[in-house]
Structures are given as structure tokens and as C-alpha cells.
1. Among Asn12, Asn33, Asn183, which one shows the highest mean-square fluctuation when the chain is modelled as a Gaussian network with alpha-carbon springs under 10 Å?
2. Name the residue farthest towards the positive end of the dipole of segment 63-206 from the options Leu110, Thr161, Thr180, assuming +1 on Cβ of Lys and Arg, -1 on Cβ of Asp and Glu, about the Cα centre.
3. May I ask you to sort Trp135, Trp121, Trp188 by Cβ crowding, counting other Cβ atoms within 10 Å and putting the fewest first?
4. Once the mean 1/r over all distinct Cα pairs of the chain is inverted, what Kirkwood radius in angstroms do you read off?
5. Using a simple charge model, +1 on the beta-carbon of Lys and Arg, -1 on the beta-carbon of Asp and Glu, nothing else, what dipole does the chain show about its Cα centre, in debye to the nearest 20?
6. Each residue of segment 34-46 in turn: what ³J(HN,Hα) in whole Hz from Karplus with 6.51, -1.76, 1.60 and θ = phi - 60°, glycine and Pro shown as x?
7. Across the chain, where is the longest run that never hits trypsin sites (Lys or Arg not before Pro) in a DSSP loop with at most 13 other C-beta atoms within 10 Å?
8. Just add up the charged neighbours of Pro145: K/R +1, D/E -1, any other residue whose Cβ is under 15 Å from the Cβ of Pro145.
Amino acid sequence: MTITTHSHPPFNLCGGHAALDFVNSLDNRFGGNEPVELLADYGALLRFAEQSRLLGARRARRLAQVAPAAAERALRSARELREALAAALYARVDGRAMPAAELRTLERHLHRAGRHRALRWERGRQGSGVLCWEWGRFEAQAELPVWLLAESAGELMMSETMARVSACGADACRWLFLDTSRNHTRRWCDMKVCGNRMKARRFQARHEA
């Protein structure tokens with residue numbers, strides 16, 4: 001399967017959650033033509049993580065200097081995570097059981113992310129304090145965006161928010177989003193894109209009938 005790539009894609013973060021926008025970074029999954037890879041290179045992965053507020057600008061600039069081989073491995077890992085996440089989430093949306101192989105892949109990525117965190121004691125006022133997780137010595141490693149995305153995906157999939165995950169009603173799109181509408185009636189990933197396109201098609205069909 002040939003995948004078309006764009007070197008500097010504009011990310012449309014209409015999904016309402018980083019994990020859903022991450023799945024949507026492979027566009028045209030269901031369009032009948034070639035999928036469009038929006039994470040064309042490691043730089044695009046960094047831009048996505050920064051735009052999604054998972055990664056700060058200073059960390060992103062630091063990671064942009066990693067060795068090319070490490071960047072390429074991280075990009076492959078990110079795409080593997082994304083496709084396992086996509087399989088699991090679309091199965092959930094379509095009312096199917098989540099595929100076992102993809103769940104094992106997600107499990108592996110979540111374990112890997114967890115192994116690269118360190119506990120830090122954060123001192124508070126008057127001698128009080130709390131334990132918190134940080135990336136510490138791992139924050140300069142190329143796979144940091146992948147670990148951040150794995151954590152984000154895990155938090156979503158283990159929460160009640162999963163009940164609000166929906167897919168765009170346009171068959172050629174099916175981008176994922178969180179339906180936060182009052183009556184759970186949102187149909188489109190982006191009303192300005194798919195919503196208006198479907199309205200135009202219905203209008204044309206009525207006038208051609």
C-alpha cells in the first residue's frame with residue numbers, strides 16, 4: 001500500500017483529545033484512495049506533540065537535535081502505536097471486540113512509557129510535599145513524544161470518557177472525536193469541512209432528483 005506524505009501538514013485538532021487527533025494523523029483511511037500520512041517525519045511528530053500541548057516548545061527544540069537513526073526509530077514506534085490505537089478505537093466505535101494483537105501492542109507501549117518515568121519529591125510549603133512523576137533523565141530521548149502519546153491514550157481508554165468517542169458521519173472520513181454535545185448528537189469531526197460538504201451533497205441530490 002502506497003501512502004502519500006506531506007512534509008509540513010497543518011494539524012486539525014478537532015478530535016478533542018490528543019489520542020484521537022493522533023489517530024486522525026493518518027488521513028483518508030476510509031476514502032478509497034491512498035491514505036495520507038500527516039506524520040511524514042520526526043519533525044512532524046514533534047510539531048504534533050507540541051501543538052497537542054503534550055510537549056513544550058523548549059523540549060521540542062531539544063528533541064529536534066536527536067540523532068537521525070534515533071528519530072527514525074521513534075517515528076516508526078509512534079506509527080505502530082497509532083495504528084494499534086486506531087484498531088482498538090474503531091472497534092469500540094463500531095461495537096466490535098478490540099483485537100487482541102493490537103491490545104498487546106498498546107500494552108507494550110504503555111509499559112514502555114511507564115518504565116521511563118522517575119519519581120520526584122516535590123517540596124511544598126511548611127515542609128509538606130508530594131511525590132510526582134517526571135521524565136527526568138529520559139526527557140532528552142527521541143521516544144519521549146511516543147511515551148507521552150501512549151500515556152494520553154491509556155488515560156483515555158481507561159476512563160469513562162471512552163463512552164463519548166465517536167467517528168465522523170462522513171464515510172470517507174470517519175475521523176475520531178469526543179462528542180461533548182449535550183445530547184450526544186454531534187455527527188461531524190469538523191462542521192466547516194465534513195458537515196458543510198455533506199450539506200452540499202444533500203442539496204445537490206435534492207435538486208437533481
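All of the numbers you see were taken from the coordinates with simple rules; none came from a lab. These numbers were taken from a predicted model, which means no experiment stands behind them. Glycine also receives a Cβ, built like all others from the backbone with ideal geometry; neighbour counts cover every protein chain displayed.
1. Per the Cα network of the chain with a 10 Å cutoff, Asn183 tops the list.
2. Comparing the listed Cα positions along the dipole, Thr180 ranks first.
3. On the way: Trp135 17, Trp121 8, Trp188 21.
Lowest count first: Trp121, Trp135, Trp188.
4. Roughly 18.7 Å, rounded to one decimal.
5. On the way: 33 positive and 23 negative charges, 104 e Å.
So the dipole magnitude of the chain works out to roughly 500 debye.
6. Along segment 34-46, the couplings run 6, x, 10, 7, 7, 9, 6, 7, 5, x, 5, 4, 5 Hz.
7. In the chain, the maximal stretch lacking such sites is 97-181.
8. Working: positive: Arg47, Arg53, Arg58, Arg59, Arg61, Arg62, Arg73, Arg76, Arg79, Arg82, Arg112, Arg117; negative: Asp21, Asp41, Glu50, Glu72, Glu80, Glu139, Glu143, Glu151.
Its environment carries a net charge of +4.
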